[in-house]
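See below for the structure under consideration.
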């Protein structure tokens, strides 16, 4: 079953309000196997509203309308839809009395302005809205079906969950659209596509979408129009197949945060962690401590932004003089010094050129050196990241977490306790 | 001038991705007097993309398209638009060479898969995209105008600001919708509304909207449908009137970040800053170092998450034992120790209960103590913040920056050098 959404609101088009209802509806409809095939946003004006609804009904016979039911003069939706379904608006005493009573219980008096909210296109099914003054309306006729919902997010969501989804679910033969995300990092979208090319034809009937972001590339597998008991095992089997080709790059599923995945691994391995951050200035610590319970694993760190702080931490001045603050040697010494100072099992150091200034031929903007030190050894990694200052810093933190996670998973940093 | 936006993405319709490009574009177009009259979101499929673009061109002759330019097989936008404008796709060696060169400088190799990103509909104007691999394209023909932009938010925004807005502005010698935001912090929305009540009637014809967020409450003044030379002085005059009642709470305008405002004040005053962070775990350092050039002012800090690190920093164990890590005494000692250790002019310390666990009757989740130490004195502040772990941490950083800014502005922390 397909449906379209028409969202009414001049303030949405002006960009002053972010439309979150649309994403919410898409998820809810997907969950019951209804495919949202188009969303349109139009201003609070008669003609654009009419044409968007007419076009949607032509294409799918089912249009959900968000907004345009308020008490102000610019809300013309009910009138437009009444005309489309060739029914007059009628004042409903039942709706009005309920509204007046509800307001009275709150010690409030309804404005005459609200009377129009009790007007209903003849024959429309009324969807009670306990959270606001405008009820939802469900019209069925020659033109198809139109479901009118108030645009206020809390009211919209309440009506979708309590009125719309249960009614549509009955019709959709229980089929669902269900997705699973495999989160990857440390590999470019094109390189990932090359690896996936061989297995992609075998994923049918599932579809695969690739979504690059600062955390890496998310791979979304989607099952369309299947029964839940078919969709779930299929998703799991194919996700496993994808993981075999993405290898160490796949760190989690769905909403997993690499910082949380890393912390869980540290907890399992009994590894205590500290950070020494230069160009990221605290961002790695922030990522780690955003996870509740991180104090079990995370000791803390030093934001070694100025060279004086790097020296205070224990990086020899001659290293900074000879190789510079952004160098393999500085990264290694930062990690070693932090490991000793805080006596942690794994110290992660980051030093780089985040830009926009400060780059050179030898050390361009985006160059970042990483150091990882455990109680015995230290290793360094070098990457040049693309993007803005923010992007470079965010990518550097994600890379650091990824490498640290791989090290802990492989048993590095546990040598002391094992021996 | 009217325009429509067509956003391409099955992910958006499924509700897995929130569409922020649309609001951004609406704001930017409003700023140059171009009215966005419709937004449509369609899946990554040929027919829906084609019909949405055709309908938009029929209505407004100017359609901006977001998304559908990536290297994966589901990106068919260029093909569709080429057909609409009746021009073939041609491989551009110039674009390809630039791309290969850019990747080479980052030490990376482009996949053959990216070759399609160098294909251009004949006659299209190419909009360089330094942030990604797909350039923007601007087609003009019988059908009207189509502007194709990549959907990745950073790339989309960059191209809108650098390429689209300047070109469209030249054409719209028109009336504008123009806004100015006065950013406030450290005051509740309702308290702010009380202060504004007396002046609000005098703001007409401008409208005032109050937008609460983690950084504080933004007040947006909007001039509708005025000439730029009328709108700007009116906005400035009324913004000034608002600032007289918001006082110390108003820290900036429009997109101003309090971290940048604070750093500018430090630079002016010659104050060098360090941080000691417990519950914020590096977030304050991250906020400060996100600003380019922060190294002139910011020395660094210590993420004193575990008590052992607080002691290592120089907080006496008896303070932690007697008063606890979240206390006035601990906050003061953290600030004093950091100030001495890094020899900065102003040390900012944060220690609190970010939750979700760890709260008690005496020290509830949300309780945060702040310490501010200069070369002579130290003061503490106590606040209980509402919200989630993330909200509490973000609000704590904003509060710390606000208080630190007020101190530097008032000349605190400069006593040493002045004497």
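Data for the structure
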quantity: Whichever residue in the stretch B:352-367 is within 14 Å of chain A (Cβ to nearest Cβ) and touching a residue at least 40 places away in the same chain (Cβ under 8 Å) and, among such residues, is nearest to residue B:328 (Cα to Cα); calculated: B:352
quantity: Failed criterion for residue B:155 (all others in (1) within 26 Å of residue B:47 (Cα to Cα); (2) at pLDDT below 90; (3) within 14 Å of chain A (Cβ to nearest Cβ) hold); calculated: (2)
quantity: Residue B:68 vs. criteria away from every other protein chain (no Cβ under 11 Å) and farther than 17 Å from residue A:42 by Cα; calculated: yes
quantity: Count - residues of the stretch A:219-239 that are in contact with a strand residue (DSSP E or B) (Cβ under 6 Å, 6 or more places away or on another chain) and either without any contact (Cβ under 8 Å) to a residue 24 or more places away in the chain or facing chain B (nearest Cβ under 9 Å) (or both); calculated: 2
quantity: Number of positions in the stretch B:1-25 that are over 16 Å from residue A:38 (Cβ atoms) and more than 9 Å from chain A (Cβ to nearest Cβ); calculated: 4
quantity: Selection within the stretch B:371-384 - crowded, with 21+ Cβ neighbours inside 10 Å and not in a strand (DSSP E or B); calculated: B:374
quantity: Exclusive hit being in the same structural domain as residue A:144 (by TED's automatic domain parsing) and surrounded by fewer than 17 Cβ atoms within 10 Å (Cβ to Cβ), set A:83, A:55; calculated: A:83
quantity: Residue check, residue A:274 in a loop (DSSP other than H, G, I, E, B), over 30 Å from residue A:190 (Cβ atoms) and within 14 Å of chain B (Cβ to nearest Cβ); calculated: no
quantity: Members of the stretch B:26-52 found to be more than 7 Å from chain A (Cβ to nearest Cβ) and buried (at least 22 other Cβ atoms within 10 Å of the Cβ), listed by number; calculated: B:29, B:34, B:44, B:49, B:52
quantity: Filter result for the condition that a residue is in contact with a helix residue (DSSP H, G or I) (Cβ under 9 Å, 6 or more places away or on another chain), more than 7 Å from every other protein chain (Cβ to nearest Cβ), part of a helix (DSSP H, G or I) and closer than 18 Å to residue B:354 by Cβ, over A:287, A:267; calculated: A:287
quantity: Qualifying residue in the stretch A:178-201 (condition: at pLDDT below 90, farther than 27 Å from residue A:405 by Cβ and either in the same structural domain as residue A:67 (by TED's automatic domain parsing) or in contact with a helix residue (DSSP H, G or I) (Cβ under 8 Å, 6 or more places away or on another chain) (or both)); calculated: yes
quantity: Leading residue by the ranking (modelled with the highest pLDDT) among those in the stretch B:8-45 that are under 20 Å from residue B:162 (Cβ atoms) and not in a helix (DSSP H, G or I); calculated: B:36
quantity: Near pairs, Cβ below 9 angstrom, 6+ apart or cross-chain, from the stretch A:313-325 (under 16 Å from residue B:342 (Cβ atoms)) to any residue that is in a loop (DSSP other than H, G, I, E, B); calculated: A:313/A:304; A:315/A:304; A:315/A:325
quantity: Looking only at the stretch B:300-316, and only at residues there that are buried (at least 24 other Cβ atoms within 10 Å of the Cβ) and outside any helix (DSSP H, G or I), the one that is farthest from the other protein chains (Cβ to nearest Cβ); calculated: B:315
quantity: Boolean, residue A:331 is within 38 Å of the chain's Cα centre (by Cα) and within 19 Å of residue A:379 (Cβ to Cβ); calculated: yes
quantity: Long-range neighbours under 7 Å by Cβ, at least six apart or interchain, first residue touching a residue at least 40 places away in the same chain (Cβ under 8 Å) within the stretch B:372-390, second part of a loop (DSSP other than H, G, I, E, B); calculated: B:374/B:345; B:374/B:412; B:374/B:413; B:375/B:345
quantity: Flag if residue A:295 is in a helix (DSSP H, G or I) and either within 11 Å of another protein chain (Cβ to nearest Cβ) or surrounded by fewer than 17 Cβ atoms within 10 Å (Cβ to Cβ) (or both); calculated: yes
quantity: Helices (runs of 4 or more DSSP H) completely within the stretch B:46-141 that count 3 or more residues being over 30 Å from residue A:382 (Cβ atoms); calculated: B:46-60, B:77-84
quantity: Unique match (being touching a helix residue (DSSP H, G or I) at 6+ places or on another chain (Cβ under 8 Å) and surrounded by fewer than 16 Cβ atoms within 10 Å (Cβ to Cβ)) among A:104, A:134, A:93, A:118; calculated: A:93
quantity: Test: residue in the stretch A:317-336 that is within 11 Å of chain B (Cβ to nearest Cβ) and part of a helix (DSSP H, G or I); calculated: no
quantity: Set B:11, B:4: member being in contact with a strand residue (DSSP E or B) (Cβ under 9 Å, 6 or more places away or on another chain) and touching a residue at least 24 places away in the same chain (Cβ under 8 Å); calculated: B:4
quantity: Residue that is farthest from residue A:217 (Cα to Cα), among those in the stretch B:137-151 that are out of contact with any helix residue (DSSP H, G or I) (no Cβ under 7 Å at 6 or more places or on another chain) and at pLDDT below 90; calculated: B:142
quantity: Residue within the stretch B:245-264 that is under 23 Å from the mean Cα position of the chain (by Cα), over 26 Å from residue B:178 (Cα atoms) and crowded, with 20+ Cβ neighbours inside 10 Å present; calculated: yes
quantity: Evaluation of residue A:157 against (1) in contact (Cβ under 8 Å) with a residue 40 or more places away in the chain; (2) over 19 Å from residue A:56 (Cα atoms); (3) in a strand (DSSP E or B) (one fails), failing number; calculated: (3)
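Per-residue answers, yes or no, for (1) over 30 Å from residue A:68 (Cβ atoms); (2) surrounded by fewer than 17 Cβ atoms within 10 Å (Cβ to Cβ); (3) touching a residue at least 40 places away in the same chain (Cβ under 8 Å):
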site: A:130; (1), (2), (3): no, yes, no
site: A:143; (1), (2), (3): no, no, yes
site: A:164; (1), (2), (3): no, no, yes
site: A:171; (1), (2), (3): no, yes, yes
site: A:177; (1), (2), (3): no, no, yes
site: A:189; (1), (2), (3): yes, no, no
site: A:200; (1), (2), (3): yes, yes, no
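The values are calculated or read from the model by the stated rules, or taken from the named source; none is laboratory data. All of these numbers come straight from a predicted model, not from anything done at the bench. Glycine also receives a Cβ, built like all others from the backbone with ideal geometry; neighbour counts cover every protein chain displayed.
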